[in-house]
1. Ignoring ligands, DNA and RNA, please state the percent of accessible area on segment 428-540 from carbon and sulfur, probe 1.4 Å.
2. For the ranges 344-350, 394-400, what's the packing order if you count other beta-carbon atoms within 10 Å of each residue, average per peptide, and put the highest first?
3. Segment 237-290: D in µm²/s via Stokes-Einstein (Kirkwood Rh, Cα pairs, 25 °C, 0.890 mPa s)?
4. Counting Lys +1, Arg +1, Asp -1, Glu -1, what net charge surrounds Trp458 among other residues with beta carbon under 15 Å of its beta carbon?
5. Under a Cβ-only charge scheme (Lys and Arg +1, Asp and Glu -1), can you give me the dipole magnitude of segment 258-388 about the Cα centre, in debye to the nearest 20?
6. Please give the charge dipole size of segment 294-361, origin at the Cα centre, charges +1 on K and R Cβ atoms and -1 on D and E Cβ atoms. Round to the nearest 20 debye.
7. Heavy-atom accessible area per residue, segment 389-464, 1.4 Å probe: how many Å²?
8. I want to check the label-to-label distance for Thr618 and Phe440. Put each point 7 Å from Cα in the C-beta direction and report it in nm to one decimal.
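The values are calculated or read from the model by the stated rules, or taken from the named source; none is laboratory data. Predicted, not measured: the structure shown is a model, and the values here were computed from it. Here Cβ is always computed from backbone atoms with ideal geometry, including for glycine, and neighbour counts include all displayed protein chains. Calculation scope for accessible area: heavy atoms of the full protein, side chains included, ligands and nucleic acids excluded. Shrake-Rupley method; radii C 1.70, N 1.55, O 1.52, S 1.80 Å.
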Amino acid sequence: MAPQEGAFLFGLSEDFILKKAREVCKCNHQTIITFFCQLFPVLDWLPRYNIKMQLLGDVISGLLVGIVAIPQSISYSLLANQDPIYGIYTNFFCSIIYVAMATSRHNFVGSFGVLCLMIGQSVNRHLQLAGYDDNTGSLLVGNATSSSNGTGTCDRSCYAITVALSLSFLVGLYQILLGVLQLGFVSVYLSEPLLSGFVAGSSLTIITSQMKYLLGLNIPRHEGVGSFILTWVDLFRYIQNTNICDLVTSLVALAIIIPVKMINDRYKDKMKAPFPIELLVVIIATVVSYYLNFEERYKSSVCGAIPTGFRKPTLPDTKLFSSLAVDALPIAIIGFAMTVSLAEIFGKKHGYAVHANQEMIAIGMCNLVPSFFYCFASSAALTKTLLKESTGTQTQLSSLVTSLVLLLVLLWIAPLFYSLQTAILGVVTIVNLRGGLRTFGETPRMWQLSKLDTVVWWTTMLASTLITTEIGLLVGVCFALLCVIFRTQRPRAAVLGKVSNTEIYEDQSAYRQLSSIANIKIFRFESSLYYANKDYFKTALYQKTGVNPVLLAARHHRAETQAKADTGNRKSVFNTAFGCLKPSKKRVEKSPTGIRLPSLDMHTLIIDCGAMQFIDTTGLSVLKETRHDYQELGVQVLLANCNPLLRRRLRDGGWAAGAHGGQLAFHSVHQAVQFAQQWYHEQRESKERRDAALDPEDLSVQASL
């Protein structure tokens with residue numbers, strides 16, 4: 001190519017790229033409005049907000065969710081290894097940001113038990129690496145006003161929130177990147193049995209971590225593989241040190257909260273709002289602990305001083321990013337999976353659209369921005385979302401009402417919880433795990449519906465409990481993908497029969513009174529054909545049809561070789577004794593390739609490809625080999641119900657080259673059956689004509705022999 005031509009082509013390509021870039025990146029008034037409405041859906045629904053129809057429901061729902069969020073914010077802070085104030089910060093800031101960016105009208109974003117557990121494990125691991133002691137067994141007594149800005153020393157509590165906010169920054173960054181890159185489909189790999197098993201296993205781990213607070217024991221928090229078992233070993237080892245005051249308080253609180261929760265669940269359709277038993281128990285327990293001085297008299301562990309107001313914004317510690325990058329990934333995945341799942345459930349229930357990628361961006365911003373304000377990672381909270389939906393919320397404006405309730409706590413009410421026992425917080429955390437534990441009772445029905453899904457559930461649950469939550473999630477995802485591969489590697493295969501007086505063909509083992517087609521076998525393979533199941537395809541085909549062409553061809557080849565050897569020996573003796581006789585011209589029926597035909601009860605094999613979504617090159621080779629092997633025995637192979645992609649692959653792969661009359665494949669099984677029957681009648685007529693044309697001398701010799 002001449003230099004002038006190269007420069008000319010380069011100029012054309014450059015102009016083309018610039019033209020396309022201008023089309024994509026053109027900016028006008030309408031484009032800007034559309035962009036901001038997509039990024040901030042509140043700009044779309046808020047101008048159309050109906051105050052008369054929607055405001056009352058949003059206010060009532062927001063108040064009730066805020067009342068429930070107060071004790072849960074404090075208790076989940078304990079689970080995340082943080083001071084109580086940071087749990088309130090998290091729910092406050094996340095609620096406000098999610099209002100502006102969410103497409104879901106019912107999700108409540110805040111502290112979620114499973115995520116708090118994973119955050120607490122990461123924080124505790126970094127505390128140990130940094131050399132902080134865990135003798136207190138809790139961070140609630142730490143100095144929450146310490147600073148890591150260089151104005152003072154960073155104590156254990158300060159370092160814990162530094163780790164948590166840095167982790168939240170990375171989680172939000174991951175989620176925003178997934179949303180911007182339109183990778184919302186990643187959540188489809190977290191199946192419902194997998195998520196359910198993960199939540200159940202995490203619930204057991206959370207209960208185990210909270211038991212020391214219910215018993216008032218100061219035992220170290222174990223991390224890593226086997227932490228579940230090690231924690232229970234320590235609980236029984238130090239059980240003689242149980243704080244009786246904490247134990248009695250825990251039992252009384254459980255005895256009160258659980259029955260009321262059950263009543264709320266049973267009569268939720270008749271009640272306008274559930275009774276806020278948790279907040280009531282927290283208030284009563286705080287008052288009793290304060291006036292009876294449980295901290296001094298019985299050495300009970302209490303929340304301690306909770307500061308009011310807001311702290312100055314801070315930056316994440318970039319030095320921690322390298323060690324937190326791996327920890328942030330499963331938290332980000334679980335966070336957006338729970339958020340998108342709940343959003344889609346309630347969006348479908350109430351008839352509005354939810355955009356998964358926008359939800360990922362929204363939850364990412366709920367983790368990224370609050371990380372500058374001393375918040376830890378969050379997601380859609382299951383309990384509060386269900387409460388929000390059941391109490392009549394109409395829009396995300398109810399979350400603003402919830403934020404106002406939390407703002408009152410942050411500015412004035414928080415110090416009143418000084419005497420609240422940590423045992424009560426543990427009780428509040430445990431009773432809110434009933435939904436995760438309830439799935440254990442659903443496993444028998446799941447076993448009846450799908451044994452493989454049940455195995456996925458138990459595998460994920462046990463791995464999350466006995467190993468670690470992060471590894472348990474990874475094990476669950478890998479095992480679920482292996483189950484999918486297993487299902488396609490060994491799919492169901494069947495021989496079909498015809499429903500009388502119809503053109504419908506069904507599995508003979510599943511339906512009765514199906515008629516078989518004479519000398520025609522119809523085989524259905526209920527999966528795509530690719531390299532992983534090619535051997536099983538052949539095995540199932542030979543087993544279902546009862547004809548193994550490779551084995552029969554080899555057997556007849558050996559028999560033919562032996563027959564030739566025996567005929568040669570008899571011929572020499574026969575010619576010596578009766579040299580006057582001529583050997584007869586006996587006709588032997590052979591297949592097109594010359595091999596003697598065995599006695600078969602089939603002349604056509606039809607493969608129903610209706611369940612095959614695709615075939616790879618290996619699958620195409622297997623189909624060609626199958627056709628060749630059966631044609632060696634005089635059996636033709638036809639395909640039916642091929643989709644357009646499959647037919648194109650067959651055509652490009654040369655399947656039609658060996659087909660009868662160029663026939664590629666048939667659109668239905670019935671068409672293939674009709675073609676096979678017509679072909680068989682033509683073959684019989686042709687054979688009869690050949691027999692009629694034989695020499696009469698040959699016929700007389702054959703008759704005498």
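1. 58 percent
2. 394-400, 344-350
3. On the way: Rh = 12.9 Å.
Translational diffusion coefficient: 190 µm²/s.
4. Details: positive: Arg445, Lys451; negative: Glu192, Glu442, Asp453.
In short, -1.
5. So the magnitude is around 380 debye.
6. 140 debye
7. 41 Å²
8. A separation of 4.2 nm, rounded to one decimal place.
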